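Structure record follows, encoded as structure tokens.
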Amino acid sequence: MGSVDQVPVVLVGATGYTGVEALRLLHAHPGVRLAGLCADRRAGQPLADHLPAWTDIPLPPVERFDADAVAASGAIAMLAVPHGTAQTTTAELLARGVRVIDLSADHRFDDPAVYAAVYAPHQHPESLKHTVYGLPELHRASIREARLVGVPGCYPTAVTLAALPAVRAGLLAEGEAVLADCKSGVTGAGRSPGPGNIFGETSEGFRAYKTLAHRHAPEMARNLGGRTVHFVPHLVPMNRGILATVYLRLAPGVDAARVRDAYATAYADEPFVSVLPDGAHPDTRNVRGTNRCHVGLFVADRLLCVQSAIDNLGKGAAGQAVQCLNLMAGRPETEGLTQAALFP
């Protein structure tokens, strides 16, 4: 039994990569009571049958999603379901007064026209008027009061945290685009088998994909004040992690000291973003299994190269969702998220 002051949370979609990572974090969270697990295809089956790591660990039974049951539990709903399927689920929950944290791409834009241009017409555009973009470093105050939070994509999280201080401080040359070169582990492609994530198709290889045509670029551009973002993602044969290398042209007269001061000021009070010392390179190994972001700064000939490392399943997904949950529930923002990186 949980403490009376714990926050009840129902996790919808508990068997995919982001869902399992959310489950791991929620189960260990001292301020959370798991009020339910939903996974329609696995309903009625012990979770350990499909995820042996959870053998003999007490969990609620896996049930089919029922919006009335979630509402009756008084829980906040965290959705870790595929893109496109969260729209109806969210609408049903909002209609019953349930607060929702959506890890899919379905509620990352608050404008139905923008969403349609990037993805497809939204099935429930009325839901978008409630959504808050779930990057605490951008929208902390709004997340606290939100009915619906759309958790950012993993690539936009890494790129936004790399470029945002320079944009906000006015350090960049007028009209210059943001160039984002990113590498991701294969869990970013999801758990369903396919060429993007099976061993024989990814091992011993390294490739770009959707060059200058990835749908996360508009999300990045919106976060960075409408600046043009040219984005090239790459698939790396590792399980988890993102390394973003972002190139920014500095305005005349901006030197390395001014850049470092802007980043140090921007992230001084951010619990999960660390600006590394001069010359230090971020490494995905050093944030694996955490909600942390490591940022490295390099300046030469008016070119600012910012590198950021996150865990795509942590700060890029489930960790960030739990950070938003803490804000929405009035809990300490770092609660349940203070673990160090997995090593080695």
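The values are calculated or read from the model by the stated rules, or taken from the named source; none is laboratory data. Keep in mind that what you see is a predicted model, and the values were worked out from it rather than measured. Note: ideal-geometry Cβ built from the backbone for every residue, glycine included; neighbour counts use all protein chains shown.
Does PRO344 satisfy the criteria of being at pLDDT 95 or above, more than 18 Å from the chain's Cα centre (by Cα) and in a loop (DSSP other than H, G, I, E, B)?
Judged against the criteria, PRO344 is not a match.
So is GLN307 more than 14 Å from the chain's Cα centre (by Cα), in a strand (DSSP E or B) and not acidic (Asp, Glu) or not?
yes
Mind telling me which of the residues LEU243, LEU303, LEU297 ends up being touching a residue at least 12 places away in the same chain (Cβ under 8 Å), loosely packed, with under 15 Cβ neighbours inside 10 Å and hydrophobic (A, V, I, L, M, F, W, C)?
Going through LEU243, LEU303, LEU297 in turn, the sole match is LEU303.
Which of (1) within 24 Å of ARG240 (Cα to Cα); (2) in contact with an Asp or Glu (Cβ under 9 Å, 6 or more places away or on another chain) is the odd one out, the single condition LEU148 does not satisfy?
(1)
Just for region 246-262: of the residues that are under 26 Å from ASP311 (Cα atoms) and not hydroxyl-bearing (Ser, Thr, Tyr), which one is surrounded by the fewest Cβ atoms within 10 Å (Cβ to Cβ)?
Per the stated criteria, the residue is ASP261.
So that you can scan it fast, the table gives a plain yes or no per residue for (1) over 22 Å from VAL81 (Cβ atoms); (2) touching a residue at least 40 places away in the same chain (Cβ under 8 Å); (3) in contact with a strand residue (DSSP E or B) (Cβ under 6 Å, 6 or more places away or on another chain):
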| residue | (1), (2), (3) |
| --- | --- |
| PRO156 | no, yes, no |
| THR160 | yes, yes, no |
| GLY185 | no, yes, no |
| ALA208 | yes, no, yes |
| LEU248 | yes, yes, yes |
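Looking at region 60-108, which of the residues that are more than 19 Å from TYR17 (Cα to Cα), of a type in the set (Ser, Thr, Tyr) and in contact with a strand residue (DSSP E or B) (Cβ under 7 Å, 6 or more places away or on another chain) is surrounded by the most Cβ atoms within 10 Å (Cβ to Cβ)?
THR90
With under 20 Å from TYR17 (Cα atoms), in the same structural domain as GLY289 (by TED's automatic domain parsing), surrounded by 14 or more Cβ atoms within 10 Å (Cβ to Cβ) and over 22 Å from the mean Cα position of the chain (by Cα) as the only criterion, which of GLU176, GLU201 stands out?
Being under 20 Å from TYR17 (Cα atoms), in the same structural domain as GLY289 (by TED's automatic domain parsing), surrounded by 14 or more Cβ atoms within 10 Å (Cβ to Cβ) and over 22 Å from the mean Cα position of the chain (by Cα) holds for just one of GLU176, GLU201, which is GLU201.
Between residues in region 321-343 that are under 15 Å from VAL132 (Cα atoms) and residues that are among the aromatic types (Phe, Trp, Tyr), which pairs lie under 9 Å by C-beta distance while being six or more apart or on different chains?
Filtered contacts from region 321-343: GLN323/PHE272.
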